[in-house]
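**Q** Sharing a structure here in structure tokens format.
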Amino acid sequence: MEKYTSYILLSEDLCTGCGLCARECPLLAIEIKDNLPFFFDTCVGCALCVTICPVEALQVKSNENLHEKLTIQCDHCPVGCLIAPDHLGACKRYKNESGRIVNAQLLLLPEDTDLQEHYREALLNIPVITAVGAGSTYPDYIPAPVAAEKRIDDVDVVTVVTECPLTYSSMLFKIDTERFIGEETAPVKYRGAVVGHVTTEQYGSKMITVGGINVMKGKNRLKAVRLIVGAGNHEPVILKVEGGAELELTAGQPPIINGQPGEAMKISCGAAMMGIFGEKLKDLADEIIVLDGDITGLFSESHVGRGFGFTWSGIIPKGKYSTPGRYFGTPGEGWGGTDIHDPVKAFDLESAERIRSGMKLLVLEVTGTHAALLEADEKGNFYPIPLTSEVKGIRDLIAQNSQPALTSAMYFGGCGGSARAGITGNPVKLNNAVHSGSVKLTVGGVPAYVMPGGGINFIVDTGKMQWRSFSWTPTPAVVAPIEYTMEKKTYFEIGGHKRKLLLLDEIIRSRKIRKWENKK
């Protein structure tokens with residue numbers, strides 16, 4: 001039977017009938033009829049339609065009166081889907097089964113593993129020699145400069161190495177900070193030249209990518225190569241984000257943003273902070289806001305606050321509504337990486353009649369750097385009051401759990417000609433062996449993550465490498481130390497160059513050798 005739910009309100013005069021809500025509804029619970037959305041009873045009030053409506057024609061209605069007695073609210077995430085009997089939530093992971101929320105999916109167990117085989121694989125994770133200082137060979141069909149064999153326990157291990165020029169390469173900087181560095185896609189300059197851009201932010205970290213084949217063959221290719229090599233060798237590099245910050249970045253060190261060192265990386269978004277510290281927050285104030293440039297949290301509206309008996313205070317934080325208790329923040333140089341510098345301006349009074357004299361509002365931010373306790377007067381205006389010892393305690397606890405700001409420099413590369421033909425005359429066999437795991441790829445002795453699909457595309461943390469593992473050629477190209485480690489039988493199976501294979505002891509006697517020093 002078709003019927004409207006009581007969860008979403010429609011302003012018909014605003015609706016344009018674009019149909020976006022119907023197309024994106026995860027449960028296909030919306031149909032456009034006569035240019036207006038019609039909601040079926042499979043709607044769970046997830047409010048995705050509310051948050052994506054381009055004209056804000058939809059809004060969430062109070063969920064206090066459920067449309068069926070057996071409809072219950074799922075509490076497995078902040079969305080709080082209201083699920084009717086025998087229906088799924090928006091994520092399709094949970095179901096209302098006879099008035100209980102149950103898993104709708106089966107639990108998957110891994111296959112039994114061969115521990116002995118895993119031991120053999122573990123031996124291959126560390127190369128018997130690195131490519132740093134190994135040199136390279138050219139043209140591609142000439143065998144790689146070093147192919148070393150060593151017997152470890154009962155396993156014959158082979159590592160083949162080359163310092164390989166890679167034009168298809170780039171660097172990803174992970175900058176652990178809540179501070180604003182610039183808009184996503186903003187160009188990034190090095191010594192005045194555009195060499196990359198700000199890319200998608202990840203949890204608690206800003207991201208910048210530089211290089212890539214289109215930059216490497218463009219007019220700024222030399223600067224991009226020298227930037228990547230310098231950063232990979234742990235040298236400080238200075239970048240300028242167009243319309244954003246100036247950054248001094250050194251792998252393994254705190255970022256310097258507009259001349260000021262980054263201090264902390266947030267432990268979670270503002271909304272998640274409610275769940276982490278909810279037990280300690282609940283007695284500190286009548287309402288709590290945790291400011292975050294990504295997702296600001298509102299305690300009374302969140303499922304955590306409701307679980308502790310809070311009812312909505314009439315206050316909403318600055319930002320765009322996402323789901324109950326979660327508001328998308330506006331990035332800036334203020335508290336928690338928002339554009340808010342004064343806690344009194346961190347919120348609006350959506351329902352002023354709910355504000356009472358003496359009501360207390362606690363405003364925190366995600367790194368524990370700032371906290372403010374506000375109190376309402378008889379006119380409903382909030383003013384700062386001294387922090388209590390309990391508030392200082394939670395502020396300090398958040399700060400203790402915030403990790404130090406850090407810069408990571410991750411090198412992306414693709415193994416092409418000499419990096420493959422120097423090992424075997426049939427490169428696709430090497431590709432397949434790397435993807436199957438029978439050949440392990442390391443870069444400068446550090447295990448690399450090999451991306452799925454064709455080719456051998458990898459990413460590696462340069463912060464774990466020896467000093468000055470990278471160099472460059474005037475091609476220009478980044479010269480990266482590439483190592484392939486495998487069992488001897490695998491080397492022969494993929495067509496490895498047998499005549500090049502030498503025992504490690506022989507190589508040590510014939511070459512000047514330095515030992516790996518694990519730098520902390």
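The values are calculated or read from the model by the stated rules, or taken from the named source; none is laboratory data. Note that this is a predicted model, so its numbers are computed, not measured. Cβ: placed from backbone, ideal geometry, glycine included. Neighbour counts: every protein chain shown.
**Q** What is the residue count in segment 21-47 for residues that are surrounded by fewer than 17 Cβ atoms within 10 Å (Cβ to Cβ), outside any loop (DSSP other than H, G, I, E, B) and either in the same structural domain as Lys320 (by TED's automatic domain parsing) or in contact (Cβ under 8 Å) with a residue 12 or more places away in the chain (or both)? Full working, then the answer.
**A** Within segment 21-47, the subset surrounded by fewer than 17 Cβ atoms within 10 Å (Cβ to Cβ) is 23-24, 26, 28, 31-36, 38, 40-42.
Going one step further and asking which of them are outside any loop (DSSP other than H, G, I, E, B), we end up with 23-24, 31-33, 36, 38.
With the extra rule that they be either in the same structural domain as Lys320 (by TED's automatic domain parsing) or in contact (Cβ under 8 Å) with a residue 12 or more places away in the chain (or both), the set shrinks to 24, 32, 36, 38.
So the count comes out to 4.
**Q** Then there's this: Restricting to segment 226-243, what's the tally of residues that are farther than 22 Å from Gln253 by Cβ and not charged (D, E, K, R)? First the steps, then the outcome.
**A** Keep residues of segment 226-243 that are farther than 22 Å from Gln253 by Cβ, which gives 242-243.
Filter again for not charged (D, E, K, R), leaving 243.
The total comes to 1.
**Q** Now a separate question. Sort out which residues of segment 361-386 are among the aliphatic types (A, V, I, L, M) and surrounded by fewer than 16 Cβ atoms within 10 Å (Cβ to Cβ), and write them in order of number. So that I can check it myself, show each step before the final result.
**A** Residues of segment 361-386 among the aliphatic types (A, V, I, L, M): 361-364, 366, 371-374, 376, 385.
Passing the criteria: only Ile385.
**Q** Where residues in segment 167-180 are of a type in the set (A, V, I, L, M, F, W, C) and touching a helix residue (DSSP H, G or I) at 6+ places or on another chain (Cβ under 7 Å), which of them is modelled with the highest pLDDT?
**A** Met171
**Q** Here is a follow-up. Quickly run through segment 405-464 and pick out the residues that are closer than 22 Å to Gln202 by Cα, of a type in the set (D, E, K, R) and modelled with pLDDT of 95 or more.
**A** Residue satisfying the conditions is Asp461 alone.
**Q** May I ask you to say which residue of Tyr203, Tyr168 is under 27 Å from the mean Cα position of the chain (by Cα), among the aromatic types (Phe, Trp, Tyr) and within 27 Å of Pro476 (Cα to Cα)?
**A** Step by step, each of Tyr203, Tyr168 is checked, and only Tyr168 is under 27 Å from the mean Cα position of the chain (by Cα), among the aromatic types (Phe, Trp, Tyr) and within 27 Å of Pro476 (Cα to Cα).
**Q** Let me ask something else. Which residues, counting only those in segment 447-471, are of a type in the set (Gly, Ala, Ser) and within 16 Å of Gly416 (Cβ to Cβ)?
**A** Answer for segment 447-471, where residues must be of a type in the set (Gly, Ala, Ser) and within 16 Å of Gly416 (Cβ to Cβ): Ala448, Gly453, Gly454, Gly455.
**Q** Name every residue in segment 337-357 that is assigned to a loop (DSSP other than H, G, I, E, B), closer than 24 Å to Phe277 by Cβ and over 28 Å from the mean Cα position of the chain (by Cα), in order of residue number.
**A** Asp342
**Q** Of all residues in segment 1-20 being of a type in the set (A, V, I, L, M, F, W, C) and in a loop (DSSP other than H, G, I, E, B), which is modelled with the lowest pLDDT?
**A** Here the residue is Met1.
**Q** Filter segment 48-65 down to residues that are of a type outside the set (Val, Ile, Thr), over 20 Å from Asp86 (Cβ atoms) and touching a residue at least 40 places away in the same chain (Cβ under 8 Å), then give me how many there are. Quick ask: steps written out before the conclusion?
**A** Filtering segment 48-65 for residues of a type outside the set (Val, Ile, Thr) gives 48-49, 53-54, 56-59, 61-65.
Still in the list and also over 20 Å from Asp86 (Cβ atoms): 48-49, 53-54, 56-59, 61-62, 64-65.
Cutting the leftovers down to touching a residue at least 40 places away in the same chain (Cβ under 8 Å) gives us 48-49, 56-59, 61, 65.
Total meeting the criteria: 8.
**Q** Same structure, new question: Looking at this structure, is Val363 at pLDDT 95 or above, in the same structural domain as Trp335 (by TED's automatic domain parsing) and not in a loop (DSSP other than H, G, I, E, B)?
**A** The answer is yes for Val363.
**Q** Restrict the check to segment 310-322 and report whether at least one residue is in contact with a Pro (Cβ under 8 Å, 6 or more places away or on another chain) and either surrounded by 21 or more Cβ atoms within 10 Å (Cβ to Cβ) or at pLDDT below 95 (or both). Reasoning before the result, please.
**A** Within segment 310-322, the first condition is being in contact with a Pro (Cβ under 8 Å, 6 or more places away or on another chain), and the residues that meet it are none.
Within segment 310-322, not a single residue is in contact with a Pro (Cβ under 8 Å, 6 or more places away or on another chain) and either surrounded by 21 or more Cβ atoms within 10 Å (Cβ to Cβ) or at pLDDT below 95 (or both).
**Q** Kindly provide the set of residues from segment 144-183 that are out of contact with any Ser or Thr (no Cβ under 7 Å at 6 or more places or on another chain), aliphatic (A, V, I, L, M) and not in a strand (DSSP E or B), ordered by number.
**A** Selection gives Ile181 alone.
**Q** Check off (1) within 17 Å of His370 (Cβ to Cβ); (2) surrounded by 24 or more Cβ atoms within 10 Å (Cβ to Cβ) for Glu301 and give me the number that stays unchecked.
**A** Only one criterion in (1) within 17 Å of His370 (Cβ to Cβ); (2) surrounded by 24 or more Cβ atoms within 10 Å (Cβ to Cβ) is unmet by Glu301, namely (1).
**Q** Which pairs do you get when a residue that is surrounded by 18 or more Cβ atoms within 10 Å (Cβ to Cβ) and outside any helix (DSSP H, G or I), found in segment 272-286, comes within reach of a residue that is hydroxyl-bearing (Ser, Thr, Tyr) and at pLDDT 95 or above, reach meaning Cβ atoms under 9 angstrom, with the pair 6+ apart or on two chains?
**A** Leu284/Thr388; Asp286/Ser300; Asp286/Ser313
**Q** For segment 467-477, what are the residues that are more than 27 Å from Ala433 (Cα to Cα) and not small (Gly, Ala, Ser)?
**A** Across segment 467-477, the qualifying residues are Trp467, Arg468, Trp472, Thr473, Pro474, Thr475, Pro476.
**Q** Of the residues Glu263, Glu242, Glu235, which single one is without any contact (Cβ under 8 Å) to a residue 40 or more places away in the chain and not polar (S, T, N, Q)?
**A** The match here is Glu235.
**Q** Let me ask something additional. Residues in segment 120-132: is at least one touching a strand residue (DSSP E or B) at 6+ places or on another chain (Cβ under 6 Å) and part of a strand (DSSP E or B)?
**A** Taking every residue of segment 120-132 in turn, none turns out to be touching a strand residue (DSSP E or B) at 6+ places or on another chain (Cβ under 6 Å) and part of a strand (DSSP E or B).
**Q** Okay, moving on. Give Asn214, Asn220, Asn258 a once-over and let me know the one that is without any contact (Cβ under 8 Å) to a residue 60 or more places away in the chain, over 25 Å from the mean Cα position of the chain (by Cα) and not assigned by TED's automatic domain parsing to the domain that holds Thr130.
**A** Values: Asn214 fails: over 25 Å from the mean Cα position of the chain (by Cα); Asn258 fails: over 25 Å from the mean Cα position of the chain (by Cα).
After ruling out the rest, the residue left standing is Asn220.
**Q** Could I ask something else about it? Among the candidates Lys500, Lys489, Lys512, Lys464, which residue alone is surrounded by 15 or more Cβ atoms within 10 Å (Cβ to Cβ), of a type in the set (D, E, K, R) and over 37 Å from the mean Cα position of the chain (by Cα)?
**A** Checking each option against the conditions leaves just Lys500.
**Q** Could you list all residues from segment 96-125 that are surrounded by fewer than 17 Cβ atoms within 10 Å (Cβ to Cβ) and under 20 Å from Cys415 (Cβ atoms)?
**A** Across segment 96-125, the qualifying residue is only Asn125.
**Q** In addition: Go through (1) at pLDDT below 95; (2) under 30 Å from Asp75 (Cβ atoms) for Lys217 and report which single condition fails.
**A** It fails just one condition, (2).
**Q** Among the candidates Val157, Val229, Val225, Val195, single out the residue that is in contact with a strand residue (DSSP E or B) (Cβ under 7 Å, 6 or more places away or on another chain), modelled with pLDDT of 95 or more and farther than 26 Å from Gly259 by Cα.
**A** Every option except Val157 fails the conditions.
**Q** Can you tell which of Leu27, Leu48, Leu20 is in contact with a Leu (Cβ under 9 Å, 6 or more places away or on another chain), more than 30 Å from Asp154 (Cα to Cα) and of a type in the set (A, V, I, L, M)?
**A** Leu27
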